[in-house]
Every structure is written in C-alpha cells, then in structure tokens.
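What follows is a single structure, written as structure tokens, with notes after it.
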Amino acid sequence: PVIDNDQLAKLRHVYEPGFRSTTLQMLFDPRQDGPGLERAIADLRQRASDAVDAGYTIVILSDRHADRDRAPIPSLLATAAVHHHLVAQGTRSRCGLVVESGDAREVHHCALLLAYGAGVVNPYLAFETLDDMIQQRLLVDTTHDETVVHYIHALNKGILKVMSKMGISTLQSYRGAQIFEAVGLDRALVDSYFAGTTSRIG
C-alpha cells in the first residue's frame, strides 16, 4: 500500500492498454480561507468525475506543487471527499486512487488514507526527509535505496498491525472500510466529506 517515487513514476507514465493515469492537484488558495478550501474541494471532486468519465483508470491526487500562493488540501480530507463523491456517482470502481502526499508520515496517516479510499500512498516528503538526514549524517552507513526500503517496510508492518487489531486480514477488505471514529469534528463536515463515519463527540 506504500510506494516509492520510482513506482509512482511508473504509474504516472503507464502505457499499458486499458490503463490511463492523470494527476489532479489537491491545492487551494489560503488567502480565501475556509470558503476557498470548500470551493477547491468541490472543484477537485468535479475534476475527478471528469477524469473518470474521460476514461482515466488511475487518478493521482497530489500536493507536490504547493507554493506560497497555493496550500495543500489535507490529504485525508481530499481523499475522502473524492472517494465518497465517486461512490455517490457510482463510478468509484472504475478508477484507482493514488495519493501523493507530503503530510503522510506515520503509520496512522497511511492507515487513515487507505481506510478512506486510497489505493496506495506515496509519502514523498518523508523520502526527501530521509535523504536530508543522510546528507546531514544523522543516518550513517546506509544508502537512499536501503533507507526507503526500511521505511516502507516499517509502514507496511504498522498498517498490517492496525488491520489485525480490527480483525481484518486483507488490504482489500480494509480499503474504504472507514473503521474510525471522528472526534471533535462538526456533524456537517463529517456528513459532507466523511459520510458514514461515527462521530459521537462533535
């Protein structure tokens, strides 16, 4: 469920019959505050629908091109919003969702993204952080490739542990299962973007 940058590049440039990929930026203008974020999510949902209708089978949600004028939409919010939108339209099974995210770093982050519809996760900023740690000699006697392999292995083992605690034995059963409870989120927000999630404390 966790892929490195090379594997993501293969998905981004896939040329096999029956497979087409497109990248959708999950960014918004922070100067527009909450309403701007809401409009950006609505636009992202529409672009995802258009991509599926156009025959794309792999939709990559990316925040890689964030800058001073465009902030990243939180990846869990964007993923859940797109997933539920496509489910409501009846087109979710026609595409796979890949999340290229800078805010996914820990096991729990990846576990949440998978539980809310992501097919695979590429935590690119974590890989860049590992490279920086190697350059600063905070990690020694290791290479980029070895460090990435160990990091992905640790994330995968952690996700497996989360699944096993829930009594789920396969990633297929876990993906999109939403076996989490929202705490401290307004009911309207949960209903709009995390439909079906239990939220006893609003």
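The values are calculated or read from the model by the stated rules, or taken from the named source; none is laboratory data. For clarity, every value in this text was computed on a predicted model and none was experimentally measured. Using ideal geometry, Cβ is built from the backbone for each residue, glycine included, and neighbour counts are taken over all protein chains shown. Heads up: the accessible areas ignore ligands, DNA and RNA and are worked out on the full protein's heavy atoms, side chains in. Shrake-Rupley method; radii C 1.70, N 1.55, O 1.52, S 1.80 Å.
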### Task
Go through the residues of region 102-117 one by one and say whether even a single one is of a type in the set (D, E, K, R) and under 25 Å from V14 (Cα atoms).
no
### Query
Could you say whether any residue in region 104-119 is basic (K, R) and closer than 14 Å to P1 by Cβ?
no
### Message
For region 26-53, give me the residue count where each residue is open to solvent by 30 Å² or more (accessible area, probe 1.4 Å) and within 26 Å of L171 (Cα to Cα).
### Response
1
## Note on the structure
Listed by first then second residue, the pairs whose first member lies in region 7-28 and is in contact (Cβ under 8 Å) with a residue 12 or more places away in the chain and of a type in the set (F, W, Y), whose partner is part of a helix (DSSP H, G or I) and open to solvent by less than 50 Å² (accessible area, probe 1.4 Å), with beta carbons under 8 Å and at least 6 positions apart or on separate chains, are F28/G36; F28/L37; F28/A40; F28/I41
### Message
Considering only region 22-39, I want to know if a residue exists there that is in a helix (DSSP H, G or I) and β-branched (V, I, T).
### Response
no
### Task
Out of the residues in region 144-175 that are more than 18 Å from I3 (Cα to Cα) and small (G, A, S), state the one that is modelled with the lowest pLDDT.
S169
### Message
Return the residues of region 143-189 that are surrounded by 15 or more Cβ atoms within 10 Å (Cβ to Cβ), part of a helix (DSSP H, G or I) and either within 18 Å of the chain's Cα centre (by Cα) or in contact (Cβ under 8 Å) with a residue 60 or more places away in the chain (or both); say none if nothing qualifies.
### Response
V148, Y151, I152, L155, N156, G158, I159, L160, V162, M163, L171, Y174
### Query
List, please: which pairs have Cβ atoms under 8 Å, are six or more places apart or on different chains, and start with a residue in region 125-141 that is closer than 19 Å to C110 by Cβ and end with one that is among the aromatic types (F, W, Y) and surrounded by 11 or more Cβ atoms within 10 Å (Cβ to Cβ)?
A126/Y151; F127/Y151; L130/Y151
### Message
Can you say whether A195 is open to solvent by less than 50 Å² (accessible area, probe 1.4 Å), assigned to a helix (DSSP H, G or I) and either touching a residue at least 40 places away in the same chain (Cβ under 8 Å) or not acidic (D, E) (or both), as far as the supplied structure shows?
### Response
no
### Query
When region 92-142 is examined, which residues are found to be within 17 Å of A48 (Cα to Cα) and more than 13 Å from the chain's Cα centre (by Cα)?
R92, S93, R94, C95
### Message
Tally up the residues in region 2-11 that are in a helix (DSSP H, G or I) and either touching a Gly at 6+ places or on another chain (Cβ under 7 Å) or open to solvent by less than 20 Å² (accessible area, probe 1.4 Å) (or both), please.
### Response
1
### Task
Determine whether D43 is farther than 15 Å from N122 by Cβ, modelled with pLDDT under 95 and either assigned to a helix (DSSP H, G or I) or not hydrophobic (A, V, I, L, M, F, W, C) (or both).
no
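Residue by residue, here is whether (1) in contact with a Gly (Cβ under 7 Å, 6 or more places away or on another chain); (2) within 26 Å of T57 (Cα to Cα) holds:
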| residue | (1), (2) |
| --- | --- |
| G119 | yes, yes |
| E128 | no, no |
| L138 | no, no |
| T143 | no, no |
| I168 | no, no |
| L171 | no, yes |
| Y193 | no, yes |
| R200 | no, no |
### Task
Search region 12-22 for residues being within 17 Å of R64 (Cα to Cα) and open to solvent by 50 Å² or more (accessible area, probe 1.4 Å), and hand back the single one that is nearest to the chain's Cα centre (by Cα).
R12
